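A short write-up of the structure that comes next.
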Amino acid sequence: MKGQSLRFCLGLSAGLLCAGTGQSMAASAPMPPNVEQFVFGTLPDGRTVHGYRISNDRQLRMEVIEYGGIITSLETPDRDGHMADIVLGFNSLEDYRAPAYQKLNPYFGALIGRYGNRIADGRFTLEGQTYQLATNDGPNHLHGGDEGFNQKLWQATPFSSSEGSGVVMRYTSADGEEGYPGELAVEVKYTLTHDDRLAIDYSARTTKATPVNLTQHSYFNLDGEGSASILDHVMTIDAAAYTPVNETLIPTGEIDSVAGTPFDFTTPMPIGARIEADNEQLDRGQGYDHNFVLKRAPSSTPERAARVTSPASGRVLEVLTTEPGLQFYSGNFLDGSVSGKSGRAYGQRSGLALETQHFPDSPNQSGFPSTILQPGETLESHTVYRFTTED
């Protein structure tokens with residue numbers, strides 16, 4: 001894997017660089033077709049948090065809010081056409097603002113940055129300078145720090161096109177925010193397409209060299225949020241290798257084959273079939289919380305990374321991405337202490353996350369694909385969640 005790097009392109013619109021005011025450009029503008037704006041809540045400083053209900057020409061519906069770029073609901077039909085919300089989350093802004101990881105708000109539905117996943121000891125060295133970040137996950141830095149992108153008010157612009165409808169989220173992270181170098185201008189475009197896909201397109205530019213690893217942290221339960229467990233969901237991951245972790249869930253730097261291990265999802269396998277196996281890696285994560293090395297060459301076209309099915313509902317979720325990695329998290333630290341939109345408690349493994357990404361701790365791992373974005377370059381990344389059903 002050494003030498004593989006992020007793909008960059010030029011020509012991002014200048015509008016990205018002036019983003020980050022925290023005010024919705026569309027607050028008083030007419031809404032495009034299939035998009036409805038509403039007020040989700042108000043921040044303590046008086047800023048309004050708008051939400052957007054987006055639908056397609058079939059049955060899919062989703063809601064996303066400006067705070068954290070959070071997908072608060074996503075409704076899809078089961079094999080009999082019955083609709084259900086399949087992402088975990090809350091009804092109130094106050095719940096999404098809870099800062100404590102895992103116990104009160106485990107990043108439900110949020111955009112993650114600057115760096116999704118973990119950085120060892122919250123420290124990295126870049127161009128001869130060492131940067132110290134927050135250590136908000138034991139000894140390590142997780143998902144952007146004490147106040148990552150999941151707790152920022154993004155600027156939202158709704159749109160409709162021949163492909164579908166959605167919203168563009170923009171945020172500018174100041175030089176030094178959470179300890180990272182450079183001013184980083186980020187744009188994330190959510191499109192709910194007419195053929196039942198949720199396309200997520202990420203772009204970013206920086207004024208100084210900086211590590212960037214953007215992702216989306218929705219938790220899925222294909223039987224509907226509030227359902228008991230995802231252990232009977234059947235998973236396929238298009239990865240022949242994964243990155244094992246140490247006791248604090250930092251990659252060791254090795255890339256190991258999944259063959260003959262509980263991490264082999266190259267053929268369909270129920271998630272619960274081997275999750276309690278006697279395996280050191282599963283013990284360390286209390287289940288699956290690992291980065292899978294996807295089988296693909298660098299491309300600007302998303303390729304399939306994973307497929308999940310629910311035998312009970314018939315819902316199918318396929319994940320396609322241009323990223324080299326996929327973090328599969330089986331909701332191990334959900335413990336029933338948090339209740340969701342339906343009023344039901346979210347117990348252990350009641351949702352799963354499939355985070356398309358570059359690898360954890362890449363700034364400290366020379367053998368991993370690079371996550372360093374340079375001035376004058378534009379990061380582009382594309383992920384698609386495709387929703388279907390099967391008998």
>> I need the shape label for region 88-168. Rule: rounded when a/c is under 1.5, else prolate if a/b > b/c, else oblate, with a, b, c from the alpha carbon gyration tensor.
In response: oblate
> Rounded to the nearest 500 deg cm²/dmol, what is the calculated helix-only ellipticity per residue at 222 nm for the chain, with -39500 (n - 2.57) per DSSP H run of length n ≥ 4?
Replying inline: -500 deg cm²/dmol
>> Is there a quick way to get the dipole size of the chain? I mean about its Cα centre, with the Cβ of Lys and Arg at +1 and of Asp and Glu at -1; what is the value in debye to the nearest 20?
In response: 560
> Mean separation of Cα pairs under 8 Å and 6+ residues apart, divided by the residue count of region 172-274: what relative contact order is that in percent?
Replying inline: 19
> Dipole of the chain (Lys/Arg Cβ +1, Asp/Glu Cβ -1, origin at the Cα centre): which of Gly347, Leu142, Val258 lies farthest to the positive side?
Replying inline: Leu142
> Using alpha-carbon positions, what is the distance between the centroids of region 304-377 and region 113-189, in Å?
Replying inline: 16
>> Probe of 1.4 angstrom, ligands and nucleic acids ignored: what's the accessible area per residue over the chain, in square angstrom?
In response: 36
> Given a cut-off of under 8 Å on Cα pairs at least six residues apart, what relative contact order in percent is computed for region 161-204?
Replying inline: 36
> What is the spin-label model distance, in nm, from Asn91 to Lys208 if the labels are put 7 Å beyond Cα along the C-beta direction?
Replying inline: 4.5
> At a Förster radius of 51 Å, what calculated FRET efficiency corresponds to the Cβ-Cβ distance of Glu147 and Glu254, to the nearest 0.05?
Replying inline: 0.95
> Once a ≥ b ≥ c are taken as the square roots of the eigenvalues of the Cα gyration tensor of region 42-103, is the result rounded (a/c under 1.5), prolate (a/b larger than b/c) or oblate (a/b not larger than b/c)?
Replying inline: oblate
> Remind me, relative contact order of region 39-166 in percent, using alpha carbon pairs under 8 angstrom and six or more residues apart?
Replying inline: 21
> Which FRET efficiency value, to the nearest 0.05, is calculated for Glu280 and Asp232 with the Förster distance at 41 angstrom and r the Cβ-Cβ distance?
Replying inline: 0.95
>> Please report the net charge: other residues with Cβ closer than 9 Å to the Cβ of Val186, K and R +1, D and E -1.
In response: +2
> Roughly to the nearest percent, how much of the accessible area of the chain is carbon and sulfur, given a 1.4 Å probe?
Replying inline: 47
>> Could you give each residue of region 56-72 its phi-based ³J(HN,Hα) in whole Hz, using Karplus coefficients 6.51, -1.76, 1.60 with θ = phi - 60°, and x for Gly or Pro?
In response: 10, 7, 9, 10, 5, 9, 9, 10, 9, 10, 5, 6, x, x, 7, 7, 8
> Looking at the square roots a ≥ b ≥ c of the eigenvalues of the Cα gyration tensor of region 254-391, which shape do they give, rounded for a/c under 1.5, prolate if a/b is larger than b/c, or oblate?
Replying inline: prolate
>> I want to check the label-to-label distance for Ala345 and Ser160. Put each point 7 Å from Cα in the C-beta direction and report it in nm to one decimal.
In response: 4.4
> Ignoring ligands and nucleic acids, what accessible area does Asp45 show with a 1.4 Å probe (Å², nearest 10)?
Replying inline: 100
> Going by accessible area, probe 1.4 Å, with all protein chains left in place, what is the ranking of Thr266, Thr322, largest first?
Replying inline: Thr266, Thr322
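The values are calculated or read from the model by the stated rules, or taken from the named source; none is laboratory data. In this text the structure is predicted, and so the values were computed from the model without any measurement. As a convention, Cβ positions derive from the backbone with ideal geometry for all residues, glycine included, and neighbour counts pool all protein chains shown. SASA here: full protein model, heavy atoms, side chains in, ligands and nucleic acids out. Shrake-Rupley method; radii C 1.70, N 1.55, O 1.52, S 1.80 Å.
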